[in-house]
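The values are calculated or read from the model by the stated rules, or taken from the named source; none is laboratory data. Please read all numbers here as calculations on a predicted model, not as lab measurements. When we count neighbours, we look across all protein chains shown, and the Cβ atoms used for this are built from the backbone with ideal geometry, even at glycine. We work out accessible area using only protein heavy atoms, side chains counted, and drop any ligands, DNA or RNA first. Shrake-Rupley method; radii C 1.70, N 1.55, O 1.52, S 1.80 Å.
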Amino acid sequence: MKFCLTNALYLGSKVDVLVEDGRIVTMVPQGKGPRDVEQVDAKGLVLLPALTDCHVHFRDPGFEYKEDINSGLEAAAHGGFGSVICMPNTKPVNDSAAVTRYMLEKAEKTHPHGPRLFPAAAATPGLKCEGLSPLAELKEAGCVCVTNDGRPMTNTELMRRAMEYAWDLGLKFTDHCEDDQLAPGYLMNEGEMSAKLGVMGQPVVGEAIQVARDVMLSEYLDIPVHIAHVSCAMAVDVIRRAKERGVKVTAETCTHYLMLDETELAGYNTLAKVNPPLRTAKDREAMRKAVKDGVIDIIVTDHAPHAEYEKNTTLDQAPNGFIGLELSLPLVWELVRENVLNEADVVRLMAVRPNEIFNLPCNRFNPGDPADFILFDPDEEWVVARENLCSKSCNTPYIGKTLKGRVKHHWQGGWQLF
């Protein structure tokens, strides 16, 4: 398979991209690409490497009514994501090679040309924080990182052993940072909005305490650690200070912490209930600054589908989380329009750094790189509605709202997915 993508806009310049046998051959200024091969006109659309989401929940096996691997990968493809790392809180939990193989085999069957699915291994059996999972077996089966996501590693000794075991296997440990003994049963951020609603809130220190512990363990052991879904300025400050000392810490935040704040829960809006909770406007601004200056390394979605009836209940009964794969790029592009980020930042935060951190295939448009790329129309407007989404679920505060920007085409390994 050989073709030349022409008239594409990459980092502000028109380019031609030659692809052969699933790899990038050359990227050259527009008009300088070869003309003796099949021509694919990008029509001036924005060219980006296929994105990578290092934190998604596909609910498969066990909760396929919310999402399954087929629908999750379809949502990823249409959101521009060529690679996703699936968290292990399925049923059964991904704490055995059998579950890992099931996930990989189903992904290969439903989407043989991509997007690529990479499973995350459960750090502890059943995510119960009681002993360690057979991590060597899980790595051999295909897991690319280790996490107890969904449940915090409250036992610090076990956390240390998990970090050491994972690193001996060449795997990064990703931690869900939450002090679950501080404000147990919280429903949102502790602050002005929780006081108005009269519900239990979680203070930001509940997140920052665990981040500080992980940073100190990383520094003491000289072992890298990755901090999941950072949501508040206090945690950012801990990470910034650690990086200044040379600690091997990386961190992610989610699109929603860059765009929304706790006021979304006005009226007990269950669609805005998420963990960590949406914080204050001040925290949101701190997150924006942190992704711009590199204190936060990557943007993820924490795509967490739920059935409509599960969210259509009281705030205390509704599960945490909302979908994000098909919304993330248009929302982040709002920050480009507002000059908070630029296009190069988007490439760094959503394509290059995620692959570097987790050692996944990466397209930098250098010769030999995998031909994984998307064409994005930043001006197309569309309404977030069930009929416009590939995900099985539509639990998002953006339901019914109009977004600007949509992925129009996606190539994976030189194969056009749509």
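Evaluating R35 against the criteria (1) open to solvent by less than 30 Å² (accessible area, probe 1.4 Å); (2) over 18 Å from A120 (Cα atoms); (3) in a loop (DSSP other than H, G, I, E, B) leaves one unmet condition, (1). Conditions first: (1) surrounded by fewer than 24 Cβ atoms within 10 Å (Cβ to Cβ); (2) of a type outside the set (F, W, Y); (3) under 16 Å from A307 (Cα atoms); (4) in contact (Cβ under 8 Å) with a residue 40 or more places away in the chain. N89 passes all but one, so which condition is the exception? N89 satisfies all of (1) surrounded by fewer than 24 Cβ atoms within 10 Å (Cβ to Cβ); (2) of a type outside the set (F, W, Y); (3) under 16 Å from A307 (Cα atoms); (4) in contact (Cβ under 8 Å) with a residue 40 or more places away in the chain except (3).
Listed by first and then second residue, the pairs with beta-carbon distance under 6 Å, at least 6 apart or on different chains, first residue in the range 400-418 and part of a loop (DSSP other than H, G, I, E, B), second of a type in the set (A, V, I, L, M, F, W, C) and surrounded by fewer than 19 Cβ atoms within 10 Å (Cβ to Cβ), are G414/M1.
Here D179 meets the list (1) open to solvent by less than 70 Å² (accessible area, probe 1.4 Å); (2) under 30 Å from D68 (Cβ atoms); (3) free of Cβ contacts under 8 Å to residues at least 60 places away in the same chain; (4) part of a loop (DSSP other than H, G, I, E, B) almost entirely, failing just condition (2). So for the range 347-356 (the condition being crowded, with 22+ Cβ neighbours inside 10 Å, closer than 20 Å to K404 by Cβ and either touching a helix residue (DSSP H, G or I) at 6+ places or on another chain (Cβ under 9 Å) or not basic (K, R) (or both)), does at least one residue qualify? Yes. Scanning the range 195-237 for residues that are in contact (Cβ under 8 Å) with a residue 60 or more places away in the chain, closer than 19 Å to A123 by Cβ and open to solvent by 20 Å² or more (accessible area, probe 1.4 Å) gives L217, L221. The selection criterion, being in contact (Cβ under 8 Å) with a residue 12 or more places away in the chain, closer than 21 Å to A351 by Cα and part of a loop (DSSP other than H, G, I, E, B), holds for F58.
Name the one entry in A242, A251 that is modelled with pLDDT of 95 or more and under 21 Å from the mean Cα position of the chain (by Cα). Step through it out loud before you land on a result.
Values: A242 fails: under 21 Å from the mean Cα position of the chain (by Cα).
Just one listed residue meets the conditions, A251.
Kindly evaluate D53 against the criterion of being free of Cβ contacts under 8 Å to residues at least 24 places away in the same chain and open to solvent by less than 50 Å² (accessible area, probe 1.4 Å). Here the answer is no, as D53 does not meet what is asked. It is to be established whether one or more residues within the range 176-196 are among the hydrophobic types (A, V, I, L, M, F, W, C) and touching a His at 6+ places or on another chain (Cβ under 9 Å). Yes; the residues of the range 176-196 include at least one that is among the hydrophobic types (A, V, I, L, M, F, W, C) and touching a His at 6+ places or on another chain (Cβ under 9 Å).
Tell me, which residue of the range 38-50 that is open to solvent by 50 Å² or more (accessible area, probe 1.4 Å) and outside any loop (DSSP other than H, G, I, E, B) is nearest to R151 (Cα to Cα)?
Restricting attention to the range 38-50, the residues satisfying the condition of being open to solvent by 50 Å² or more (accessible area, probe 1.4 Å) are 38-39, 41, 43.
Pick out the ones that are also outside any loop (DSSP other than H, G, I, E, B) and you get 38-39, 41.
On the way: E38: 51, Q39: 50, D41: 47 Å.
Of everything passing the filter in the range 38-50, D41 is nearest to R151 (Cα to Cα).
Annotation: E207 fulfils all but one of (1) of a type in the set (D, E); (2) on the phi > 0 side of the Ramachandran plot; (3) touching a helix residue (DSSP H, G or I) at 6+ places or on another chain (Cβ under 6 Å); the unmet one is (2).
Picking from V93, V15, which residue would you name as being modelled with pLDDT of 95 or more, over 30 Å from C254 (Cα atoms) and not in a helix (DSSP H, G or I)? If you could, list the steps in order and put the result at the bottom.
Details: V93 fails: over 30 Å from C254 (Cα atoms).
Exactly one of V93, V15 is modelled with pLDDT of 95 or more, over 30 Å from C254 (Cα atoms) and not in a helix (DSSP H, G or I), namely V15.
Scanning the range 120-147 for residues that are in a loop (DSSP other than H, G, I, E, B) and either over 24 Å from the mean Cα position of the chain (by Cα) or free of Cβ contacts under 8 Å to residues at least 60 places away in the same chain (or both) gives A123, T124, K128, C129, E130, G131, L132, S133, P134, G142, C143.
The residue that is modelled with the lowest pLDDT, counting only those in the range 148-176 that are closer than 14 Å to A228 by Cβ and in a loop (DSSP other than H, G, I, E, B), is G150. Among the residues of the range 332-347, are any over 13 Å from the mean Cα position of the chain (by Cα), of a type outside the set (A, V, I, L, M, F, W, C) and under 16 Å from T253 (Cα atoms)? Scanning the range 332-347 turns up at least one residue that is over 13 Å from the mean Cα position of the chain (by Cα), of a type outside the set (A, V, I, L, M, F, W, C) and under 16 Å from T253 (Cα atoms). Report whether or not T110 is open to solvent by 40 Å² or more (accessible area, probe 1.4 Å), over 25 Å from L327 (Cα atoms) and among the β-branched types (V, I, T). Spelling it out, it is not the case that T110 is open to solvent by 40 Å² or more (accessible area, probe 1.4 Å), over 25 Å from L327 (Cα atoms) and among the β-branched types (V, I, T).
Looking at D53, D41, D68, D60, which is the one that is within 13 Å of the chain's Cα centre (by Cα), among the charged types (D, E, K, R) and at pLDDT 95 or above? Explain how you work it out, then say what you get.
Values: D41 fails: within 13 Å of the chain's Cα centre (by Cα); D68 fails: within 13 Å of the chain's Cα centre (by Cα); D60 fails: within 13 Å of the chain's Cα centre (by Cα).
One residue alone meets the criteria, D53.
Any chance the range 96-105 includes a residue that's surrounded by fewer than 23 Cβ atoms within 10 Å (Cβ to Cβ) and within 18 Å of V300 (Cβ to Cβ)? Checking the range 96-105: not a single residue is surrounded by fewer than 23 Cβ atoms within 10 Å (Cβ to Cβ) and within 18 Å of V300 (Cβ to Cβ).
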